[in-house]
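K.L.:
Dumping the structure here so I can ask a few things about it.
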Amino acid sequence: MVPVQWYLLLAAAVFCIGLFGILTRQNALLFLMSVELMLNAANINLVAFSAYWGNVTGQTFSLFTMALAAAEVAVGIGIILVLYRNFNDVDVTLAKEMRW
Amino acid sequence: MTTKPELRTGSHLLPGLAAVVLFVVMAVAILRASFGDPQGFGPDAPITASIGYAMFNLDMGTIPGEGMLVAFEIIDAVLVAALVAAVLLARREQDGSVVALLADGGREVRDHLTDGERPETDAVDEGGDR
């Protein structure tokens with residue numbers, strides 16, 4: 001059995017790659033992809049500890065997290081669509097106010 | 001001629017250092033932590049079936065797990081809400097225009113009502129505090 005530390009390291013790396021994307025990118029689509037990476041890093045942890053402790057709660061909960069990620073993407077894509085219609089761009093730094 | 005994406009380097013990458021530092025801190029914490037003895041599922045454990053049982057609060061699985069029926073229903077509602085929200089955000093009117101009330105804060109409706117004449121002072125547009 002692979003030591004759980006390696007799964008945690010992988011999850012930390014994936015999470016930090018997502019965080020790096022959020023901190024350095026301005027494209028809304030890349031933002032969305034970065035958030036997905038961070039969510040999936042949490043999923044890796046849930047599944048790793050589920051297998052480690054021999055309990056299916058973590059794996060079941062990771063399924064719900066995936067569903068939540070799908071919902072988030074649906075709304076996120078809608079928001080990006082509106083952003084593009086108003087600014088002809090998906091640069092998140094263009095929208096500086098709550099209304100335009 | 002085909003092009004390929006290129007990584008744009010520059011000072012905008014500096015905030016990303018925070019992510020690198022966070023990874024180093026997490027890596028040190030993870031490698032120094034100790035987690036008891038692993039339990040594991042066993043070679044012939046019905047994992048998939050147990051997940052299904054746990055999802056619907058059925059006490060039929062052989063692997064321990066909490067019931068998740070309430071979470072299942074909440075996620076169900078969230079998914080429906082997200083679907084409706086996505087459709088509301090993305091839909092167009094019958095004449096092909098975008099749904100202005102959602103997209104521009106009602107500006108198109110205002111222009112329609114005032115025949116395109118903008119009031120002389122619009123505190124919000126000018127960054128006011130109305």
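K.L.:
With a ≥ b ≥ c taken as the square roots of the eigenvalues of the C-alpha gyration tensor of the stretch A:1-88, please select rounded if a/c is under 1.5 and otherwise prolate if a/b is larger than b/c or oblate if it is not?
P.N.:
Details: a/c = 6.45, a/b = 1.93, b/c = 3.34.
Oblate shape, in that a/c is at least 1.5 and b/c is the bigger or equal ratio.
K.L.:
Counting other Cβ atoms within 10 Å, which trypsin sites (Lys or Arg not before Pro) in the stretch A:49-100 have at most 14 and lie in a DSSP loop?
P.N.:
Sites meeting the loop and neighbour criteria: A:Lys96, A:Arg99.
K.L.:
Moving to a separate point now. How many Å² of accessible surface get buried when A and B come together, counting both sides, probe radius 1.4 Å, rounded to the nearest 100? Spell out each step's value before the answer.
P.N.:
Working: alone 7190 and 11840 Å², together 14930 Å².
Counting protein atoms only, the buried area is about 4100 Å².
K.L.:
What FRET efficiency, computed as 1/(1 + (r/R0)^6) with R0 = 41 Å and r the Cβ-Cβ distance, is obtained for B:Asp111 and A:Gln26, rounded to the nearest 0.05?
P.N.:
0.85
K.L.:
Applying a 10 Å radius around every beta-carbon, put A:4-12, B:14-22 in order of their mean neighbour count, most first.
P.N.:
By packing density, highest mean first, the sequence is A:4-12, B:14-22.
K.L.:
Largest first, how would B:Asp115, B:Asp59 line up by accessible area (1.4 Å probe)?
P.N.:
Result, largest first: B:Asp59, B:Asp115.
K.L.:
How much of the accessible area of chain A, probe 1.4 Å, is carbon plus sulfur, in whole percent? Write down the numbers at each step before the final one.
P.N.:
Working: 3730 of 5090 Å².
The value for chain A is 73 percent carbon and sulfur by accessible area.
K.L.:
Separate question: So how much slack lies between B:Ser34 and B:Leu79, counting 0.36 nm per residue of separation and subtracting their Cα-Cα distance, in nm? It would help to have the intermediate numbers written out before the result.
P.N.:
Details: separation 45, 0.36 × 45 = 16.20 nm, distance 3.80 nm.
Computed gain between B:Ser34 and B:Leu79 is 12.4 nm.
K.L.:
Evaluate the charge dipole of chain A about its Cα centre and quote only its size in Debye, nearest 20, assuming +1 on the Cβ of each Lys and Arg and -1 on the Cβ of each Asp and Glu.
P.N.:
That gives a dipole near 80 debye.
K.L.:
Which residues does a label at A:Leu10 reach in the stretch A:64-100, if reach means a backbone N under 16 Å from a point 7 Å past the Cα toward the Cβ?
P.N.:
Those under the cut-off are none; the list is empty.
K.L.:
Extending each Cα 7 Å along its Cβ direction at B:Asp44 and A:Met1, get the distance between those two points in nm, one decimal.
P.N.:
Those two pseudo-labels are separated by 1.9 nm.
K.L.:
Still on this model: For the pair B:Val25 and A:Glu72, what calculated FRET efficiency results from E = 1/(1 + (r/R0)^6), where r is the Cβ-Cβ distance and R0 = 25 Å, to the nearest 0.05? Spell out each step's value before the answer.
P.N.:
Numbers: r = 27 Å, r/R0 = 1.07.
The calculated FRET efficiency here is 0.40.
K.L.:
Give the separation of the Cα centroids, the stretch B:1-30 to the stretch A:22-66, in Å.
P.N.:
The distance from the Cα centre of the stretch B:1-30 to that of the stretch A:22-66 comes to 19 Å.
The values are calculated or read from the model by the stated rules, or taken from the named source; none is laboratory data. Computed from a predicted model, the values in this text were never measured in an experiment. Positions of Cβ are backbone-derived with ideal geometry, glycine not excepted, and every protein chain shown enters the neighbour counts. Remember, those area values only see protein heavy atoms, side chains included, never the ligands or the DNA or RNA. Shrake-Rupley method; radii C 1.70, N 1.55, O 1.52, S 1.80 Å.
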